[in-house]
Each structure stands twice: as C-alpha cells, then as structure tokens.
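> I am attaching a structure below and will ask some questions about it afterwards.
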Amino acid sequence: MTKNSILRPLSLLIAVILTFTLVACGGGNSSSSSSQGSSSGTTQTPSASSGTATPDAGAEPVKVAVFIALSGTDASSAVFQIQALDLVVAEINAKGGVEGLDGAPIELVYFDNMSDTTQMKTVVEAALQDDDIVFALFPASSAYTFAAIAAITKSQTPSLTTSRSDSIFQQGCDYIYTVGQLSSLGAGLAMDYCQWLAKEYDLDTTKIGIISVDNEYGVTNARGYRDNIAKIDGFEIVYDSLYPVAISDMSSIVTALKTNGVEILFQTGLDQDSKLLFNTISMMNFNPVVIGGGSGLLYPSYANALGDDVIGLISSSMGCSNFKAAVEDPTYSALMNKCYDLYGHEGGDYMLCYDAMFKIIVDTLNETGTRDREINNKALKNMEYEVLYPMLDKEGNPTNIMYFDEFGTSPNSILTMVQYRKTNHGNVPVVIYPKAFATAELQFGTGVK
C-alpha cells in the first residue's frame, strides 16, 4: 500500500495521549452538601448495586476526597465520569466495603476546583484539613494536579491521579502516585506505532509537524515527541509551534502545516481546540496522519458529538476497558454492562483507571488496617497490587501486577492504541495495538473525512 492510498483513509488517525478533567456531578445518587473552607464539598456514599454483602452500617465510612470541576469551563462533560466513578465504589460497598476496617464503606467527597488552576491549591488545602479524609483522588488534567502539589505535600495525604505530566513527579512530592504512564514515555508508543504502520503498510511518510496547547501538559508532551523523534532515523520535524489555550481559529496553523508539507502531525490539546483542529483540517482538505493529544477525546460525550463520523478514529488510551484481559474478566465485563444499562455508556476511557485506583485503596487499607495517612502512604511504596490494567513486566510480557517506583509512577503501565467501532453499546473504542492487548484488527476506510 502506498503513502497516497493510506493517508486519506487515515486522515484523522488520532493517537490521543490523554489527560482528563472530571467535571460536574450527576448519576442520580442522593447526596448532602457541606461547606469546607473556600471549597464546596459534596458527600456521596454510592448505594450497593450488586452482590449480597453490604458494608457494616456501624462502621465509620472511609472518606476519599475527589477534586473535580463542578463549575467553570471544564464542567461541561462530566456527568458520565461521575457515574462511572460512583459505580466502581458502589460495587466495592456492595461486596462488603473495606474488610480490614470492619466493613467500612467508601464515601466519596467531591470538591469543586472551579476549572481554575489558581484556585486549585486553595481548594485542596482547605479540603485536606479534614483529618477524616483518608485518601485523595485527582482525576483531573495535569495542570490542576500540578497546582495541587504543595497542598498535597503539606497535608501528607496519599493521593492517586490519572495525570501523567513528568513535571508533577519531579517536584519531590512524597504523596502522589499515578496509575498511568508518564507523558514523555507515551510519545514513544506513538512513534512505535508510526514505525509499525510504515513497516506493515509500506507507509513512507517522514515529515513531522508538532503543535501543542501552551500549558504544562502540552509543553511536556511536545518535548517527549521531540526527544523520541530524535532517536529514530528517517523522520524530520518540519513544523513545531505552541498555540494559546483559548484559540478560536486554527486556519493559520493548518495553512502553515500544509505549506511545510507535514505528513504526520503530533498534536497535544484539549477537547474544544482538538475538535476545532479536526474540523479545520477537514474543511481545508488537508490529509496528514494526525497523532493528537489532550483531554476528552475518548469521552462518550465526544463520540456522541461526532456521531458515526467517529467510527474508525484511532487514538491512544491510558485506560481503555476494551483490552484483552478486561473483556475476558467476567466481573469487569459485568461492570461495563451495568454502566451501559444504567447510563448508556461503558464508563468512558477511565472507568478502568477508577477500578484500579480503588482496588489499590482497598488493598492498602486491608493490609494496614488503619486510616492513618502516613502508614497508608508508606504501604503504597512497598506493596504490589493485582489490577486490571494494560501493563508489561520487565521481560515485556503482559502482567496484572502494578507497583509504584520511587517517583510515584507505575513502571509497568503502558498506553494502548484504540479505534472506534460500532458495537451494540454504540460507538466505542477497542484496542488494536500492541497486539498482546488487542481485541480487534486495524480497519481502514472509515472515520472522519
């Protein structure tokens, strides 16, 4: 297959190196509100939704703080994420809660970061003054998590995040852990995939463009692309630029990309600017292989917005549920089906992350038998966890064992390449690469034109 014949069917080949921002509260669970400092806390103990065991009604709940955008610019696509998060915790409570703490249920306490990195530190600092908070969860973009580092360190609260920017884990914070792969390493997967495409389909593209949103994550990702491209013969960067977060017109950027003859485009952005880019590329009849990045592109809301045009779109994912081990696991498959039956989606790209995070929290508490933050933090550094997640051991074989290194990162975790397919659950991403995790083969001739 020649370059010209492959570029058009893959005109929006999107390898999305994801961060994400959890936004807006929903899901139909009853809740009560309370005020904590300058932040607004919403407490929820998800109701039991399956199983026969129930938590001990007399056991004090284990409070987990969750910092999300309940208001502001990032509060537009969050309902399904809260639904998935609540559903994961409801399953734990339905099966008896935390055994090591006499069956205590997990209680989620949501705090609004107001879509403002400046406010994030104040919100986190005020919330974590509550000694009853045992763990903190940061399912948010790297910019928000980075802004919270000082407050996390001050409170000494063990904190789990899906954020992956290298800079977060270079601050010397001893209390933050990511279940995902560092963003700089994710760029390596994108280049591996490009090399695999070139070999598998005789794709002779060599000219690369890099465009990134001008924030912490965009700058880090772009640096990772540059570093990885420099290690590989046969590729040349012909265009490299940052663009502002609030960009409203991509035409000049796309014109520059066309003028410089870009054949493979690496893009790191957020939800809205990525949609703007893809629409502009289509409008200007420009057909590079696009390897983009940013939040939201594997959200059900994004797929709903594109409709059937999303079918065939390819991205990378840090937590796609439709990888081999997950779809073969009856318990997790049942959880995805339940999420679809209740809410009309499979939990997005991050229910798998939530599932891993709360297995880690519960296993830690079962091991320590205490709510003490420092004891639990030390346990996180020394334990191994059996979780459903795309991971490779030191020999390069699939594994289900996750652990954290001295920086708080998960060395075993990897990204996967996924492609949207039409299924009986709607348009959802399935893993196509690496082959050890794939549940489907790459399909050509579909996707956004």
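> Return yes when Thr368 is among the polar types (S, T, N, Q), touching a Lys or Arg at 6+ places or on another chain (Cβ under 6 Å) and surrounded by fewer than 21 Cβ atoms within 10 Å (Cβ to Cβ) and no when it is not. Full working, then the answer.
Working: among the polar types (S, T, N, Q): yes; touching a Lys or Arg at 6+ places or on another chain (Cβ under 6 Å): no; surrounded by fewer than 21 Cβ atoms within 10 Å (Cβ to Cβ): yes.
So Thr368 fails the test.
Residue by residue, here is whether (1) of a type outside the set (Gly, Ala, Ser); (2) more than 22 Å from the chain's Cα centre (by Cα); (3) assigned by TED's automatic domain parsing to the domain that holds Val428; (4) at positive phi holds:
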site: Gly344; (1), (2), (3), (4): no, no, no, yes
site: Asp355; (1), (2), (3), (4): yes, no, no, no
site: Lys359; (1), (2), (3), (4): yes, no, no, no
site: Asn366; (1), (2), (3), (4): yes, yes, no, no
site: Arg371; (1), (2), (3), (4): yes, yes, no, no
site: Asn376; (1), (2), (3), (4): yes, yes, no, no
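> Residues of the stretch 309-335 being among the aliphatic types (A, V, I, L, M) and within 17 Å of the chain's Cα centre (by Cα), which ones? Working first, answer last.
So in the stretch 309-335, the residues among the aliphatic types (A, V, I, L, M) come out as 310-311, 313-314, 318, 325-327, 334-335.
Of everything in the stretch 309-335, those that are among the aliphatic types (A, V, I, L, M) and within 17 Å of the chain's Cα centre (by Cα) turn out to be Ile314, Met318, Ala326.
> Determine which single condition Asp166 fails, assuming it passes every other condition in (1) of a type in the set (D, E, K, R); (2) more than 14 Å from Ser410 (Cα to Cα); (3) not assigned by TED's automatic domain parsing to the domain that holds Thr364.
(2)
> If a residue counts only when it is free of Cβ contacts under 8 Å to residues at least 40 places away in the same chain and crowded, with 24+ Cβ neighbours inside 10 Å, which strands (runs of 3 or more DSSP E) contained entirely in the stretch 118-224 have at least 2 such residues? Outline the logic, then answer.
Numbers: elements: 133-138, 159-161, 176-178, 207-213.
It comes to 159-161.
> A follow-up question, please. Would you tally the residues in the stretch 341-361 being touching a helix residue (DSSP H, G or I) at 6+ places or on another chain (Cβ under 6 Å), farther than 18 Å from Pro429 by Cα and among the aliphatic types (A, V, I, L, M)?
Final tally of qualifying residues: 0.
> For the stretch 344-365, which residues satisfy the criterion of being farther than 18 Å from Ile82 by Cβ and exposed (fewer than 15 other Cβ atoms within 10 Å of the Cβ)?
none
> Looking at Val64, is it touching a helix residue (DSSP H, G or I) at 6+ places or on another chain (Cβ under 8 Å), surrounded by 16 or more Cβ atoms within 10 Å (Cβ to Cβ), at pLDDT 90 or above and in a helix (DSSP H, G or I)? Steps first, answer last, please.
Values: touching a helix residue (DSSP H, G or I) at 6+ places or on another chain (Cβ under 8 Å): yes; surrounded by 16 or more Cβ atoms within 10 Å (Cβ to Cβ): yes; at pLDDT 90 or above: yes; in a helix (DSSP H, G or I): no.
When the stated conditions are applied, Val64 does not pass them.
> Of these, Ala305, Ala325, Ala334, which one is touching a strand residue (DSSP E or B) at 6+ places or on another chain (Cβ under 9 Å) and surrounded by fewer than 24 Cβ atoms within 10 Å (Cβ to Cβ)?
Working: Ala305 fails: touching a strand residue (DSSP E or B) at 6+ places or on another chain (Cβ under 9 Å); Ala334 fails: touching a strand residue (DSSP E or B) at 6+ places or on another chain (Cβ under 9 Å).
Of the residues listed, the single one that is touching a strand residue (DSSP E or B) at 6+ places or on another chain (Cβ under 9 Å) and surrounded by fewer than 24 Cβ atoms within 10 Å (Cβ to Cβ) is Ala325.
> Ok, one more. Looking at the stretch 351-402 only, could you name the residues that are part of a helix (DSSP H, G or I), of a type in the set (Val, Ile, Thr) and in contact with a Phe, Trp or Tyr (Cβ under 9 Å, 6 or more places away or on another chain)? Show your work before the answer.
Taking the stretch 351-402 and keeping what is part of a helix (DSSP H, G or I), we get 351-368, 373-382.
Next, only the ones that are of a type in the set (Val, Ile, Thr) stay: 360-362, 364, 368, 375.
Selection gives Ile360, Ile361, Thr364.
> Please work out which one of (1) outside any helix (DSSP H, G or I); (2) over 18 Å from Thr370 (Cβ atoms); (3) out of contact with any Pro (no Cβ under 8 Å at 6 or more places or on another chain) is the condition Leu108 fails and give its number.
(3)
> Let me ask something else about it. Which residues, taken from the stretch 390-448, are touching an Asp or Glu at 6+ places or on another chain (Cβ under 8 Å), within 26 Å of Asn279 (Cβ to Cβ) and outside the structural domain of Cys194 (by TED's automatic domain parsing)?
Gly447, Val448
Table: residues versus (1) over 18 Å from Asp329 (Cα atoms); (2) among the polar types (S, T, N, Q); (3) surrounded by fewer than 20 Cβ atoms within 10 Å (Cβ to Cβ).
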site: Leu380; (1), (2), (3): yes, no, no
site: Ile401; (1), (2), (3): no, no, yes
site: Asp405; (1), (2), (3): yes, no, yes
site: Asn412; (1), (2), (3): yes, yes, no
site: Leu415; (1), (2), (3): yes, no, no
site: Val418; (1), (2), (3): yes, no, no
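> All but one of (1) of a type in the set (Gly, Ala, Ser); (2) closer than 23 Å to Leu442 by Cα; (3) not in a loop (DSSP other than H, G, I, E, B) hold for Gly348; state the number of the condition that does not hold.
Exception for Gly348: condition (3).
The values are calculated or read from the model by the stated rules, or taken from the named source; none is laboratory data. Small disclaimer: the values here were computed from a predicted structure and weren't measured. Glycine gets a Cβ as well: all are built from the backbone with ideal geometry, and neighbour counts include every protein chain shown.
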